[in-house]
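**Q** Can you read through this structure? Questions will come right after.
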Amino acid sequence: MSALPAAIVALIASLRSLPGIGPRSAERIALHLVQADPHAVEQLARHLTEARARVQLCATCGALTETSPCGTCSDPRRDATFLCVVERPTDTLVIEKPGTFRGRYHVLGGKLSPLNGIEPEDLRIRELEERLTREPVKEILIALGTDVEGDATSFYLARRLARPGLKISRIAHGLPAGAGLDFADELTLSRALEGRRDMKQDE
Amino acid sequence: MHLARLRLRDFRNYPRLDAEFAPGFHLLLGDNAQGKTNILEAVYLVATLRSFRGVGSAQMVRSGQKGYFVGSHIVGQGEHETKMYWSLRERNLSLDGMPVRKVTDYLGVLRTVVFCTEDLLLVKGPSRSRRRFLDLLLSQTSPAYLPLLQRYTRALRSRNAILKQPTINPLLLAGFSQELLQAGGEITQLRCELAPKISALARLACRRIASDTEDLQIEYLPSVKKDFTVELAQSAARERTYRTTVIGPHRDDLDLLLNGRSATQYGSEGQKRTLAIAMKVAQADYLTGLHGTPPILLIDDIMGELDLKRRTGLFPLLQRSRLARSQVFMTATEENWPEELGRDVQRWLVKEGGLCPLPATDS
């Protein structure tokens with residue numbers, strides 16, 4: 001068996017570092033690229049470099065954007081008094097999907113994790129506090145995951161951001177909508193029981 | 001419930017094994033280092049996904065091979081097929097042909113209780129081994145327990161990492177304290193409910209095995225006496241001195257009292273052995289009571305260490321497994337196999353990583 005040309009080996013190595021691409025896929029893509037139409041490959045390369053050069057983090061909220069401040073931050077129709085705090089830039093896309101959230105975002109860039117050496121200074125909390133002095137924020141919605149770090153970060157934020165006239169809420173967790181009880185695991189169920197709500201009689 | 005078929009590939013010293021087991025007693029005979037305990041280990045692995053010898057999966061791969069495979073056919077309420085493959089690069093676990101996504105969905109397919117010489121650590125060992133006893137039993141019987149314990153451990157390790165920093169951020173610490181308190185409170189509660197039940201069962205077992213004069217009592221000694229929140233706050237100065245969390249379920253223990261005195265300190269060697277077995281019998285009894293069917297008993301070479309009287313004390317347990325069409329797997333060398341078990345035993349010869357049935361004895 002003849003060895004692969006060095007250029008292909010290098011290409012495979014780069015492809016393998018991408019998420020979701022294993023050694024076999026990397027090899028297949030590399031072999032496809034070196035045999036493809038040169039124009040198509042040039043276009044792909046151009047798209048890669050352009051996308052990387054243009055996309056940046058919004059200076060205000062930290063989401064992915066081509067213009068800073070981003071579309072959401074500069075959109076006058078978005079509710080400037082309502083701020084949603086998320087962990088990663090891509091989380092804003094998840095919250096946007098249902099189309100019901102009309103406020104603005106703030107990306108933390110991670111969550112507190114002493115085991116991985118991530119401390120408050122490593123997150124965009126100072127930026128968030130500065131926004132609170134500049135912007136007319138009335139409510140902060142903390143939309144972090146419910147693992148140990150997510151819960152601890154939420155607790156930390158709620159305490160640190162507490163100030164008069166500011167409401168701090170946490171995204172609810174419990175049963176998936178439209179599903180029966182039998183699909184929930186025990187921990188979810190016990191949390192759902194804890195987070196039970198009154199049913200108003202007159203509604 | 002019984003294990004009808006066991007398939008091993010490159011597991012420990014077995015290159016290949018396909019064995020069928022009927023309900024009842026199985027006596028695995030053979031010289032030392034032939035692979036008797038490895039069979040028990042494989043059965044235990046099917047039930048709990050870990051080794052009772054406290055080793056990682058890498059050590060269970062036959063030397064020079066890449067990975068091991070353990071497959072089983074379980075007959076209980078319904079039939080199940082389990083398959084497990086482990087190598088450094090790949091691990092697969094499937095139940096009835098479907099990949100298992102959550103371990104909690106898998107555990108409970110097969111239930112086992114193992115009796116081995118390491119059980120003595122329950123009495124002689126550090127408090128960690130007694131907490132493990134509680135944890136193992138609770139994760140087998142209460143589905144919420146394992147995720148709870150994992151959350152607690154994560155919060156505890158995070159907290160300890162914060163406490164080891166040169167300057168401690170109090171608000172950051174409080175965030176993880178919150179998690180520690182919530183999971184820890186529930187763990188203490190569950191352990192507290194389990195302990196008296198185990199104590200009552202172990203007391204009966206101890207009487208059967210030893211004599212009526214020995215009265216065993218197991219008391220739960222929670223690290224948190226009353227209110228975790230208050231006590232954690234009170235320990236603030238101490239945890240800053242020791243730079244670690246000094247209070248919580250990770251410091252729990254069980255007090256084993258024989259006739260009102262600590263067995264760990266005052267018990268004789270014989271008493272300690274009896275006590276360890278009594279705790280294991282209690283575990284088996286508890287699982288039987290909860291699920292209605294006895295677990296499979298895996299007895300590793302302890303019969304030889306017990307005198308006739310203590311062996312006799314174990315017979316009701318073995319007898320019940322037989323009557324319920326469950327199974328008992330027992331290892332022994334030819335010299336010390338308990339002959340009084342009688343004739344109704346399937347004897348197997350284990351030799352150099354092979355297993356072959358022996359004809360019934362006429363004696």
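The values are calculated or read from the model by the stated rules, or taken from the named source; none is laboratory data. Just so we're clear, the structure is a prediction, and the values are computed from it rather than from any experiment. Neighbour counts run over all protein chains shown; Cβ positions are idealised from the backbone, glycine included. Side chains are part of the model used for accessible areas, which takes the heavy atoms of the whole protein and leaves out ligands, DNA and RNA. Shrake-Rupley method; radii C 1.70, N 1.55, O 1.52, S 1.80 Å.
**Q** Could you check segment B:181-223 and list, in sequence order, the residues that are within 17 Å of residue B:135 (Cβ to Cβ) and within 14 Å of chain A (Cβ to nearest Cβ)?
**A** Residues satisfying the conditions are B:183, B:184, B:185, B:186, B:187, B:189, B:190.
**Q** For segment B:288-303, name all the residues that are at pLDDT 90 or above, part of a helix (DSSP H, G or I) and touching a strand residue (DSSP E or B) at 6+ places or on another chain (Cβ under 7 Å).
**A** Of everything in segment B:288-303, nothing turns out to be at pLDDT 90 or above, part of a helix (DSSP H, G or I) and touching a strand residue (DSSP E or B) at 6+ places or on another chain (Cβ under 7 Å).
**Q** On to the next question. Residue pairs, Cβ under 8 Å, 6 or more apart or interchain, first in segment A:174-194 and away from chain B (no Cβ under 14 Å), second hydroxyl-bearing (Ser, Thr, Tyr) and assigned to a helix (DSSP H, G or I). List them.
**A** A:174/A:188; A:175/A:188
**Q** Right, another one. Check whether at least one residue in segment B:180-191 is at pLDDT 95 or above, touching a strand residue (DSSP E or B) at 6+ places or on another chain (Cβ under 8 Å) and assigned to a helix (DSSP H, G or I), and report yes or no.
**A** Within segment B:180-191 (the criterion being at pLDDT 95 or above, touching a strand residue (DSSP E or B) at 6+ places or on another chain (Cβ under 8 Å) and assigned to a helix (DSSP H, G or I)), the answer is yes, since at least one residue qualifies.
**Q** Condition test on residue A:108, is it more than 11 Å from chain B (Cβ to nearest Cβ) and either closer than 30 Å to residue B:163 by Cβ or charged (D, E, K, R) (or both)?
**A** Spelling it out, residue A:108 is indeed more than 11 Å from chain B (Cβ to nearest Cβ) and either closer than 30 Å to residue B:163 by Cβ or charged (D, E, K, R) (or both).
Every residue, every condition in (1) over 28 Å from residue B:169 (Cα atoms); (2) assigned to a loop (DSSP other than H, G, I, E, B); (3) not β-branched (Val, Ile, Thr), yes or no:
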| position | (1), (2), (3) |
| --- | --- |
| A:41 | yes, no, no |
| A:48 | yes, no, yes |
| A:98 | yes, yes, yes |
| A:104 | yes, no, yes |
| A:110 | no, yes, yes |
| A:128 | no, no, yes |
| A:132 | no, no, yes |
| A:136 | yes, yes, yes |
| A:149 | no, no, yes |
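Residues are listed down the side, and each one gets a yes or a no for (1) more than 29 Å from residue A:66 (Cβ to Cβ); (2) under 30 Å from the mean Cα position of the chain (by Cα); (3) surrounded by 10 or more Cβ atoms within 10 Å (Cβ to Cβ):
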position: A:27; (1), (2), (3): yes, no, yes
position: A:31; (1), (2), (3): yes, no, yes
position: A:37; (1), (2), (3): no, no, no
position: A:44; (1), (2), (3): no, yes, yes
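**Q** Residues that are within 12 Å of chain A (Cβ to nearest Cβ) and touching a Lys or Arg at 6+ places or on another chain (Cβ under 6 Å): does segment B:152-164 have at least one?
**A** Yes, the conditions are met somewhere in segment B:152-164.
**Q** Does segment B:97-108 hold any residues that are closer than 12 Å to residue B:83 by Cβ and in contact with a helix residue (DSSP H, G or I) (Cβ under 9 Å, 6 or more places away or on another chain), and which are they?
**A** B:100
**Q** Return the only residue of B:129, B:177, B:142 being over 26 Å from residue B:238 (Cα atoms), of a type outside the set (A, V, I, L, M, F, W, C), without any contact (Cβ under 8 Å) to a residue 60 or more places away in the chain and open to solvent by less than 30 Å² (accessible area, probe 1.4 Å).
**A** Working: B:129 fails: over 26 Å from residue B:238 (Cα atoms); B:177 fails: over 26 Å from residue B:238 (Cα atoms).
Checking each option against the conditions leaves just B:142.
**Q** How many residues are closer than 30 Å to residue A:123 by Cβ, among the polar types (S, T, N, Q) and out of contact with any strand residue (DSSP E or B) (no Cβ under 8 Å at 6 or more places or on another chain) if we restrict to segment A:154-203?
**A** The number of residues fulfilling the criteria is 2.
**Q** Residue check: is residue B:100 in contact with a strand residue (DSSP E or B) (Cβ under 6 Å, 6 or more places away or on another chain), within 30 Å of residue B:262 (Cβ to Cβ) and crowded, with 16+ Cβ neighbours inside 10 Å?
**A** no
**Q** Which one of A:96, A:149, A:119 is farther than 24 Å from residue B:164 by Cβ, surrounded by 13 or more Cβ atoms within 10 Å (Cβ to Cβ) and among the acidic types (Asp, Glu)?
**A** Going through A:96, A:149, A:119 in turn, just one is farther than 24 Å from residue B:164 by Cβ, surrounded by 13 or more Cβ atoms within 10 Å (Cβ to Cβ) and among the acidic types (Asp, Glu): A:96.
**Q** Looking at segment B:39-80 only, could you name the residues that are without any contact (Cβ under 8 Å) to a residue 60 or more places away in the chain and of a type in the set (S, T, N, Q)?
**A** Matches in segment B:39-80: B:51, B:57, B:59, B:63, B:65.
**Q** I'd like to verify a number: residues in segment B:199-228 that are in a helix (DSSP H, G or I) and of a type in the set (Ser, Thr, Tyr), how many?
**A** Residues flagged as in a helix (DSSP H, G or I) and of a type in the set (Ser, Thr, Tyr) within segment B:199-228 amount to 1.
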